[in-house]
């Protein structure tokens, strides 16, 4: 084929290599009958003789591995949802732009209440331990902040992380019966109740069984501390 077609030999060979099985069979029959056949490539005619082409038949086994997915793995991110929740609940105290707080509903707030003792004396520690233990029994997530900062700063810290309720153990708590104040984050209003009642009150508030208005109707509003020492 190279001697016959010279520079066109490769073009002819590539053309024949693209023949389908049916075209190869037809070419083979023409070569057997006439000894030659004519093909056209780009308006050029080439005469193919039997000694130029050898047609061999063979069986080829192709192994195919079919993979059908059986597990669907969707991807869902909550980053934007969380951002919208935080932005919607970020608020500023009226009259003071520096006093910001996160007003998450109690039902989704990570901590339901904080426990804030005004002193680190042993009597205070005992009351805090008992209250924390009772809160845990009521399945109330809480945070004890016994740092030495002022109560106002500690309120601000708990407001910033969206703790909806704060229990303050003050000097009046040492009196019998033992009482404490319960502060609501958004209104900053406080009531005074016996310490043993507070876990159930917070639990009802956190689960939605009771509203803060219900609590205000049942307990006196706390204005100021009677004793300081």
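If R0 is 35 Å, what FRET efficiency do you get for residue 207 and residue 147 from their C-beta distance, rounded to 0.05? Working shown, then result.
Details: r = 29 Å, r/R0 = 0.83.
The computed FRET efficiency comes out at 0.75.
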Quick calc: nm separation of the 7 Å Cα→Cβ label points for residue 221 and residue 44 -> 10.4
Report the percentage of all Cα-Cα pairs in region 2-49 whose separation exceeds 17 Å, rounded to a whole percent.
-> 34
Sketch the reach of a paramagnetic label on residue 90 as a point 7 Å from Cα along Cα-to-Cβ, and name the residues of region 172-191 whose backbone nitrogen lies under 19 Å away.
-> 186
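Starting from 0.36 nm per residue, how many nanometres of slack lie between residue 33 and residue 51 once their C-alpha separation is accounted for? Mind dumping the intermediate values first?
Values: separation 18, 0.36 × 18 = 6.48 nm, distance 1.37 nm.
Stretched out fully, the residue 33 to residue 51 stretch lengthens by 5.1 nm.
At 0.36 nm per residue, and after removing the present C-alpha to C-alpha distance, how many nm does the segment from residue 80 to residue 126 gain when stretched out fully? If you can, show how the numbers build up before the last one.
On the way: separation 46, 0.36 × 46 = 16.56 nm, distance 4.34 nm.
Residue separation times 0.36 nm, minus the Cα-Cα distance, leaves 12.2 nm.
Arrange the peptides 104-113, 3-12 so that the one whose residues have, on average, the most other Cβ atoms within 10 Å appears first. Spell out each step's value before the answer.
Numbers: 104-113: 17.1, 3-12: 12.9.
Packing order, densest peptide first, comes out as 104-113, 3-12.
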Mean separation of Cα contacts under 8 Å (at least 6 apart) over the residue count of the chain, i.e. the relative contact order in percent, is 14
Give me the angle, in degrees from 0 to 90, between the Cα long axis of helix 21-34 and the longest principal axis of the Cα atoms of the chain, rounded to the nearest 10.
-> 0
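Helix-only estimate, please: 222 nm mean residue ellipticity of the chain, summing -39500 (n - 2.57) across DSSP H runs of length 4 or more and dividing by its residues, to the nearest 500.
Value at 222 nm, helices only: -10500 deg cm²/dmol.
Bear in mind these aren't lab numbers, they're just calculated from the coordinates by the rules spelled out. Note that this is a predicted model, so its numbers are computed, not measured. Ideal geometry is used to build each Cβ from the backbone, glycine not excepted, and the neighbour counts take in all protein chains shown.
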